[in-house]
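Heads up, the thing below is written out as structure tokens.
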Amino acid sequence: GVSRALVVVGLVGLVLIGPVAGARAEGDAAASGALGVASAAQAQGRVAIVPFTGDGRMALYGQPVAAQVAKVGRAAGLEVVLLAAGAEVPGDVRLVVDGRLVKSGAAIVLEARVRDPERGLDVARRSATAATLAVVDRAADEVAAALVPAIRAGLLAQDEARARSRAALAPAI
């Protein structure tokens, strides 16, 4: 009957998804281990997305591109705050993503940067190219997808730096 069909569908799903989920978990564990952190759950914190800049007509696409990057970040489980043009970055933000749109012939290049305002350094830079303005959203998706692991790595690096600072300040026993 119906219940047998559901069981079969569930088992097929487990057979198909199980190896993928296991491989992803192994990859996540390897990435966490490579960064010297026991758990990726430690990489939490707010990330601000600032509207991308651009010359002339490109400036009109800065806020929509930032919104697309924020959407992808949220879907990946990041705590993202999307800022309006000229808005002040909240004090509790751990990383800031900004970028620019640059015309390159007929194409548009999206350049994105992840900054660590606490340590005063760039964490990562990523870029993608859109053949035309009509498909700039696809390039925004590509850049955002490349930024997610860089943001997580930046948050982990901050956690590690904070842990080293605390350890250096702790009295020797």
Task: Spacing of the two label points (7 Å from each Cα toward its C-beta) at GLU88 and GLU118, in nm - done: 2.1
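If R₀ is 22 angstrom, what is the calculated FRET efficiency for the pair ARG138 and LEU60, using the beta carbon separation as r and rounding to 0.05?
Numbers: r = 18 Å, r/R0 = 0.80.
Taking R0 as 22 Å, the efficiency between ARG138 and LEU60 is 0.80.
On the protein heavy atoms, probe 1.4 angstrom, tell me the percent of accessible surface of the range 45-173 carried by carbon and sulfur. Numbers along the way, then the final one.
Working: 3720 of 6730 Å².
Roughly 55 percent, rounded to a whole number.
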Open item on the list: Between ALA67 and ALA170, what's the calculated FRET efficiency when r is the beta-carbon distance and R0 is 45 Å? Round to 0.05.
Closed with: 0.55
TODO: Grab the other residues whose beta carbon is less than 9 angstrom from that of ARG115, score K and R as +1, D and E as -1, and report the net.
DONE: -2
Task: Label-point separation, ALA75 to ALA107 (7 Å along Cα→Cβ), nm - done: 2.3
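With a sphere of radius 11 Å drawn around the Cβ of ASP159, what net charge do the other residues whose Cβ falls strictly inside it have (Lys, Arg +1; Asp, Glu -1)?
Working: positive: ARG94, ARG152, ARG162, ARG164, ARG166; negative: GLU160.
Surrounding charge for ASP159 is +4.
Once you list every other residue whose beta carbon is under 9 Å from the beta carbon of GLN68, what net charge do they have if Lys and Arg are +1 and Asp and Glu are -1? Intermediate values should be presented prior to the final figure.
Working: positive: LYS71; negative: ASP137, ASP141.
Residues close to GLN68 contribute a combined charge of -1.
The values are calculated or read from the model by the stated rules, or taken from the named source; none is laboratory data. Keep in mind it's a predicted model, so treat the numbers as computed, not measured. Note: ideal-geometry Cβ built from the backbone for every residue, glycine included; neighbour counts use all protein chains shown. All accessible areas refer to the heavy atoms of the entire protein, side chains included, with ligands and DNA or RNA removed. Shrake-Rupley method; radii C 1.70, N 1.55, O 1.52, S 1.80 Å.
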